[in-house]
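In what follows, a single structure is set out as structure tokens and then discussed.
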Amino acid sequence: MGVCEAPGLMPVEEAIQRMLDVVQPISHTTHLPLEETLGRVLAADVISPINVPPFANSAMDGYAVKRAELDARDTLTLAGQSFAGTPFSGECQPGQCIRIMTGAELPAGTDTVIMQEETEANGDQIRFLVRPRAGDNVRPVGDDIHQGEIVVAKGTRMTARELPLIASLGIAEIPVVARPKVAFFSTGDELRPLGEPLATGQIYDSNRYGIRALLKQFGCEVLDLGIIPDDPVQLDAAFTQATSAADVLITSGGVSVGEADYTKDILTKQGEVGFWKIAMKPGKPFAFGKVNETWFCGLPGNPVSAMLTLYQIVQPMLAQLSGHTQYQGPQRLPAVAGTVFKKRPGRTDFQRGIYRVNAQGQIEVVTTGNQGSGAFSSMHQANCLVILEQERGKVQPGEIVTIEPFNATMY
């Protein structure tokens, strides 16, 4: 890959694709109890060992009948009942019907269920007021899932939608891909830990808290190495520690023009890293490559820039590393601009916005105001990103823009 200063500005989509072209999924897998797999990525297809449902059953409360019986008569004799978990034993004979509850097994000798609201009972004589089609209100064997069917595909990230589905098959344990181990630290002599007083020219290190939170939401195992000062010996030690313990190392700061060269010198010595200028605002400086056998992502130092490059550029790479083949980026929607959005052509802007559905049923979005890369309060105020295309200029109220509502990862 080599160390290089890419000429011009690299589009966001190209940066993402370059990373995806070289990163391969983690091969190590483990088996976990189903209840412990939320957020994990499935390492193999889940194949159903059974039919679901395993027996034909009623879709509602009513009476099970042989449909052909009603061609010659409208009244049948009640011969028993079938409840969920306590089916009717024996076979329904000609001239008979069986009281049945939702989910109960369909008795032998019947093929149709008629809801109780469409009947009249007089003792054990049940009069049927309708003539349904054979098979009505019956869930056949395998109506939901057939034995041998792939139910959940390899590469799916487990959610509350998959867990009960797999549980319905009686499967107690599934194979999942090992979680990516991600080490991270902040660089800069100006940074101070929380709880300490600030001297002149110093700021608190907030980036690690956003990075940690997003990595946790991405499903990663995290290793926080803290703040590393602009000292070559300490930086070298931090890189050595991270690359011996993690699949990915993420830093914030130290990768833009004008910053201390220690980080770049170490990366040049220990790895193959490209320093890119991304056509993205905020977030132009970015570095990607390998240090020893560990993937490296160098984020900008400004708080909003660090958060957005991690969210937009690094997240797809981490999804691929984790084996998540069903990954789709955050949803994007058209919206009507309710305020001016200031912009110059040249970079794709990810501005912070607040969207709502207006009285006309349209999605409308307004700016949070200050869009500076250090103004992190705007991230707290926002509920979406307003994505303004690379060559687009200033946006006037009433124009259509693309928004990216914050999803569960950002919330």
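The values are calculated or read from the model by the stated rules, or taken from the named source; none is laboratory data. Just so it is clear, the structure is predicted and the values come from calculations on it, not from any experiment. When we count neighbours, we look across all protein chains shown, and the Cβ atoms used for this are built from the backbone with ideal geometry, even at glycine.
Across region 352-389, the number of residues qualifying as crowded, with 17+ Cβ neighbours inside 10 Å and either in the same structural domain as Gly219 (by TED's automatic domain parsing) or not hydrophobic (A, V, I, L, M, F, W, C) (or both) comes to 9. All told, Gln147 falls short of being part of a strand (DSSP E or B) and either outside the structural domain of Glu35 (by TED's automatic domain parsing) or modelled with pLDDT under 95 (or both). Among residues of region 187-221 being buried (at least 19 other Cβ atoms within 10 Å of the Cβ) and at positive phi, the one that is modelled with the lowest pLDDT is Gly188. In region 268-283, of all residues being surrounded by fewer than 20 Cβ atoms within 10 Å (Cβ to Cβ) and of a type in the set (D, E, K, R), the one that is farthest from the chain's Cα centre (by Cα) corresponds to Lys269. In a loop (DSSP other than H, G, I, E, B) and at pLDDT 95 or above, is that true of Asp136? It is true that Asp136 is in a loop (DSSP other than H, G, I, E, B) and at pLDDT 95 or above. Only one of the numbered conditions (1) over 23 Å from Gly123 (Cα atoms); (2) aliphatic (A, V, I, L, M); (3) touching a residue at least 60 places away in the same chain (Cβ under 8 Å) is not met by Ala84, and that is (3). Within region 25-55, being surrounded by fewer than 17 Cβ atoms within 10 Å (Cβ to Cβ), hydroxyl-bearing (Ser, Thr, Tyr) and in a loop (DSSP other than H, G, I, E, B) holds for one residue alone: Ser27. Only a single criterion out of (1) in the same structural domain as Met379 (by TED's automatic domain parsing); (2) closer than 18 Å to Ile403 by Cβ is not satisfied by Arg344, namely (2). Please find, within region 17-40, the residue that is nearest to Gly155 (Cα to Cα) out of those that are of a type in the set (D, E, K, R) and under 19 Å from the mean Cα position of the chain (by Cα). Looking at residues that are of a type in the set (D, E, K, R) and under 19 Å from the mean Cα position of the chain (by Cα), I get Arg40.
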